[in-house]
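Visitor: Have a look at this one before I ask anything.
The values are calculated or read from the model by the stated rules, or taken from the named source; none is laboratory data. It should be emphasised that the depicted structure is a prediction, and the values quoted were computed from it without experimental measurement. Using ideal geometry, Cβ is built from the backbone for each residue, glycine included, and neighbour counts are taken over all protein chains shown. Note: areas computed on protein heavy atoms with side chains; ligands, DNA, RNA excluded. Shrake-Rupley method; radii C 1.70, N 1.55, O 1.52, S 1.80 Å.
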Amino acid sequence: MIPKTALEIKIVELSKNLPQVTQQQNELAFAKCFANYAVQSRKSIFCLECGYDWKTNDTKKLKKVICERCAKSLVVTDKYSNGLKETDYYQIITSADNFQIVRMICMTKTMRKNCNSSYFAHEVMQLFIDEFGKTRTISKNVMGMSQYYDQWIVYSELSLKSKSENRRFYLSPSYVMPNKKVLPIIKRNGFKGKFYRIAPQILFKAILSDSIAETLLKANQQDMLYYHIRNTSLKPTGTYWNAIKICIRNNYQIKDAKLWIDYIDLLEHFMKDIRSPKYVCPLDLKKAHDKLMAKKVKEIWKNTVEENKKQIDKNQRHYFKAKKQFLGLVFTEKNISINVIETIKEFLEEGCIHNHCVFTNEYYKKQNSLILSAKVNGVHTETIQVSLENLEILQSRGKGNKATKYNKEIIKLVNKNLPQIRARMKTAC
Ligand SMILES: [Zn+2]
């Protein structure tokens with residue numbers, strides 16, 4: 001758009017006067033943003049950094065190697081086909097005339113066998129954030145029809161955009177240049193140089209426009225800040241916020257925001273006094289949470305049984321008959337243990353702990369499925385559904401029906417043990 005107001009004209013002027021991004025900055029970011037790769041073929045290994053290749057007698061697939069020429073540590077990739085490209089972002093943080101400015105540089109790394117790796121970098125976006133957190137964007141254009149929202153048109157000009165924020169505002173950089181120039185008001189609002197996994201522009205905007213974010217940052221409640229910015233669930237008059245203020249007053253740091261929020265819900269459910277530090281600042285959050293969760297499972301179970309004892313007994317008998325050949329199956333590796341769920345009560349437990357529908361949707365009635373419970377260090381982590389028809393994993397979900405950080409390991413362990421399930425199927429025939 002053509003700048004019209006005095007403010008818009010000023011922003012465009014400031015943008016024009018920003019120094020050029022230097023080659024030195026690009027090179028530093030290039031080293032920080034990307035991994036270095038190698039390709040392993042039957043008899044050779046190719047370094048995609050310096051173009052060198054060397055013979056190997058290793059027949060098994062390697063994960064990492066050191067290049068014999070450039071001595072760089074390389075990750076062996078299987079994504080290579082006729083070349084390999086990766087794209088990432090880095091930021092330069094500066095300020096001018098009461099604007100916090102976040103400059104976003106898009107960088108593409110190109111790798112090819114027998115060649116040195118190379119990059120192409122171009123500045124794609126500049127965010128001008130005022131002292132109230134209001135943002136204006138100067139950016140290049142994107143391909144309108146592309147399925148990716150950041151498919152930049154390289155040769156378009158940086159220009160002022162009418163919409164102050166869109167999905168591109170939330171792009172996260174892999175690297176932020178040192179020597180940041182930050183407005184005094186941002187420092188006054190609690191910023192001490194760390195971003196706590198939050199993209200700089202999102203953090204700046206939050207602490208300038210949202211007093212809750214500002215308070216959390218100042219009180220060093222990092223995990224709660226991260227949680228709040230992603231969920232914006234804390235309201236100034238809400239239960240959680242009142243309880244957080246008690247934590248802050250008592251110098252209690254909430255290390256796991258999600259678990260703590262869950263715990264506060266449980267306290268409310270059991271009508272505990274959530275104005276009391278005794279309850280809202282537990283010494284061992286996990287233990288306090290699990291104790292109440294067990295109590296809640298017991299309570300729901302009791303109500304369910306009271307309501308419908310006959311039906312549950314019938315379901316249990318039916319489940320036992322349908323799945324008896326699988327009961328007792330346990331797969332263990334390192335700290336992960338996976339077992340077939342044996343009782344209807346365990347279905348309820350899984351459902352309550354992970355807050356998903358394995359109990360309410362009566363998964364125990366699914367004839368062609370086997371439901372397993374995965375625990376890491378003895379803690380309920382994910383529930384797995386395996387198809388007994390084609391013997392594959394249909395889903396593996398943890399809290400809130402989402403994959404956890406152990407998801408891949410859990411799936412790998414189940415896949416490895418599918419033959420055991422198959423063997424039990426045969427014994428039933
Ligand atoms: Zn090399």
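Visitor: Can you list residue pairs whose Cβ atoms sit under 7 Å apart, with the first residue in the stretch 55-82 being of a type in the set (D, E, K, R) and the second being within 15 Å of the ligand (Cβ to nearest atom) and assigned to a loop (DSSP other than H, G, I, E, B)? Count only pairs 6 or more apart in sequence or on different chains.
Guide: E68/Y52; R69/C50; R69/Y52; K72/N36; K72/E49
Visitor: Any chance you could count how many residues in the stretch 363-381 are closer than 18 Å to G328 by Cα and among the charged types (D, E, K, R)?
Guide: 1
Visitor: Considering the stretch 111-121 alone, what residues qualify as being within 15 Å of E27 (Cβ to Cβ) and surrounded by fewer than 16 Cβ atoms within 10 Å (Cβ to Cβ)? Walk me through it before giving the result.
Guide: Taking the stretch 111-121 first, the residues within 15 Å of E27 (Cβ to Cβ) are 116-121.
Correct list: N116, S118, F120.
Visitor: If you take the residues in the stretch 210-264 that are open to solvent by less than 30 Å² (accessible area, probe 1.4 Å) and small (G, A, S), which one is nearest to I185 (Cα to Cα)?
Guide: Step one: list which residues in the stretch 210-264 are open to solvent by less than 30 Å² (accessible area, probe 1.4 Å), which gives 212-213, 216-217, 221, 224-225, 228, 234, 238, 241, 243-244, 246-247, 254, 257, 259-261, 263-264.
Subset that is small (G, A, S): 213, 238, 243, 257.
Details: A213: 14, G238: 27, A243: 28, A257: 27 Å.
Of everything passing the filter in the stretch 210-264, A213 is nearest to I185 (Cα to Cα).
Visitor: Residues being among the hydrophobic types (A, V, I, L, M, F, W, C) and within 15 Å of H354 (Cα to Cα): count how many of those fall in the stretch 274-299.
Guide: Our first condition is that a residue be among the hydrophobic types (A, V, I, L, M, F, W, C); within the stretch 274-299, this holds for 274, 280-281, 283, 285, 288, 292-294, 297.
Those left that are additionally within 15 Å of H354 (Cα to Cα): 292-294, 297.
Here the count works out to 4.
Visitor: So S73 passes all but one of these: (1) over 27 Å from P178 (Cα atoms); (2) hydroxyl-bearing (S, T, Y); (3) within 15 Å of the ligand (Cβ to nearest atom). Which condition number does it fail?
Guide: Unmet condition: (1).
Visitor: Applying the selection to the stretch 410-429, what residues are within 22 Å of the chain's Cα centre (by Cα) and open to solvent by 90 Å² or more (accessible area, probe 1.4 Å)?
Guide: Listed by number, the list holds a single entry, K412.
Visitor: Can you tell me which residues in the stretch 35-70 are more than 10 Å from the ligand (Cβ to nearest atom) and in contact with an Asp or Glu (Cβ under 6 Å, 6 or more places away or on another chain)?
Guide: Listed by number, the list holds a single entry, S44.
Yes/no matrix, rows are residues, columns are (1) without any contact (Cβ under 8 Å) to a residue 40 or more places away in the chain; (2) open to solvent by 70 Å² or more (accessible area, probe 1.4 Å):
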residue: A294; (1), (2): yes, no
residue: K345; (1), (2): no, yes
residue: V386; (1), (2): yes, no
residue: L394; (1), (2): yes, yes
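Visitor: Among the residues of the stretch 129-137, is any surrounded by fewer than 17 Cβ atoms within 10 Å (Cβ to Cβ) and without any contact (Cβ under 8 Å) to a residue 24 or more places away in the chain?
Guide: No, every residue in the stretch 129-137 fails to be surrounded by fewer than 17 Cβ atoms within 10 Å (Cβ to Cβ) and without any contact (Cβ under 8 Å) to a residue 24 or more places away in the chain.
Visitor: Also: I need the full set of residues from the stretch 299-317 which are of a type outside the set (A, V, I, L, M) and within 15 Å of E346 (Cβ to Cβ), in order please. I'd like the intermediate steps shown before the answer.
Guide: Residues of the stretch 299-317 that are of a type outside the set (A, V, I, L, M), as a first pass: 299, 301-304, 306-311, 313-317.
W301, T304, N315, Q316, listed by residue number.
Visitor: Give S164, S174 a once-over and let me know the one that is surrounded by fewer than 20 Cβ atoms within 10 Å (Cβ to Cβ), modelled with pLDDT of 95 or more and of a type in the set (S, T, N, Q). It would help to see each step written out before you state the result.
Guide: Numbers: S164 fails: modelled with pLDDT of 95 or more.
Going through S164, S174 in turn, the sole match is S174.
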